[in-house]
Amino acid sequence: VALLVATLCVAGVFTVSKIFYFRDLAVFHWPHHRWLRRTLLAGQSPFWDPNPGGGYSTIGDAALHVAFLPMLPMRFLPEIVGFNLAVALPFPIAALGMYLFARRHASSWASAVAAIAYSASGPVLSTGNCNNLSWCAAIVPFIFWTVDGLAERPSARRFALLALLFALELSAGEPVTLVGTAVLATAYAAFAAPDAKATWRNRAKSALTTIGAGLAGLCLAAAQALP
């Protein structure tokens with residue numbers, strides 16, 4: 001139900017002749033999507049666009065999603081289909097992430113309500129005119145879901161998953177959301193994440209583990225972070 005509601009909010013995805021076309025989508029993301037798709041299909045380097053001004057380093061601008069791997073399959077789909085999916089997918093993905101996070105604390109229906117409240121809210125839907133913003137918002141609930149699991153039962157696999165999610169958040173290209181998420185996730189690990197032995201030592205360990213996963217994510221996303 002939550003995924004359906006989130007998808008209906010971007011029902012314009014169900015077309016092969018029209019595109020989402022508003023603000024940054026029109027003047028920034030759509031032209032870049034067309035150029036990057038043609039460049040990749042031609043087997044050329046996607047890291048430098050020679051067209052604007054004297055040329056433009058695309059790898060130096062994370063908002064263009066050159067190093068954001070979830071976007072890569074959409075570059076090889078038909079032009080309109082791939083672009084519309086890039087715009088619409090973050091919202092059902094955000095609903096899924098919030099459902100998983102809320103399900104650790106509430107019933108299935110209450111979690112579905114939380115997922116709808118997050119993914120179909122005005123603030124989150126308003127990110128749809130900037131692909132970098134919407135994808136960052138979609139990843140946030142997964143980070144908190146993983147912090148929950150890591151605090152409850154630490155493991156190398158969960159640490160690696162959290163590091164990967166932080167890397168995706170960084171390469172999604174919205175630094176304010178990234179920093180805000182990192183600060184809140186660390187605070188959540190320190191003060192609110194479920195813990196069978198909620199001692200100060202365990203809380204501090206959870207917070208430090210979250211910070212460590214963030215630093216590991218920075219290393220994983222070095223191809224985007226360093227430029």
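The values are calculated or read from the model by the stated rules, or taken from the named source; none is laboratory data. What you see is a predicted model, and the numbers here were worked out from it, not measured in a lab. Ideal geometry is used to build each Cβ from the backbone, glycine not excepted, and the neighbour counts take in all protein chains shown. Please note that ligands, DNA and RNA were not included when accessible areas were found on the heavy atoms of the full protein model with its side chains. Shrake-Rupley method; radii C 1.70, N 1.55, O 1.52, S 1.80 Å.
Based on protein heavy atoms only, the chain ends up with 50 Å² per residue of surface accessible to a 1.4 Å probe. Placing dummy labels 7 Å off each Cα toward the beta-carbon, the span from VAL1 to ILE80 is 3.5 nm.
Protein heavy-atom surface of the range 7-74, 1.4 angstrom probe: 62% of the accessible area is carbon and sulfur, with nucleic acids and ligands not counted. For TYR21 and ASP195, the FRET efficiency from 1/(1 + (r/R0)^6), where r spans their Cβ atoms and R0 equals 30 Å, is about 0.05.
Given a 1.4 Å probe and the protein chains all in place, what does the accessible area of TYR56 round to, in Å² to the nearest 10? The accessible area comes out at roughly 90 Å².
In a fully extended conformation the segment linking ARG38 and SER155 would gain 37.9 nm over its present Cα-Cα distance, using 0.36 nm per residue.
Highest average first, the peptides 86-92, 104-110, 173-179 ordered by how many other beta carbon atoms sit within 10 Å of their residues are 86-92, 173-179, 104-110. Putting +1 on Lys and Arg Cβ atoms and -1 on Asp and Glu Cβ atoms, find which of LEU89, SER57, SER108 reaches farthest to the positive end of the dipole of the range 21-128. My answer, from the dipole projection, is SER108.
Here's the picture: charge each Lys and Arg Cβ at +1 and each Asp and Glu Cβ at -1 in the range 106-227, and of THR181, LEU164, THR210 the one pushed furthest to the positive end of that dipole is THR210. Working from label points 7 Å from Cα in the Cα-to-Cβ sense, the LEU8 to SER107 distance is 2.2 nm.
Helix content alone sets the calculated 222 nm mean residue ellipticity of the chain: runs of n ≥ 4 DSSP H residues at -39500 (n - 2.57) each, divided across all residues, give -19500 deg cm²/dmol. The share of accessible area on the range 129-177 that comes from carbon and sulfur is 70 percent, using a 1.4 angstrom probe. Note on SER45 and ALA222: with the Förster distance fixed at 22 Å, the Cβ-Cβ geometry gives a FRET efficiency of about 0.75.
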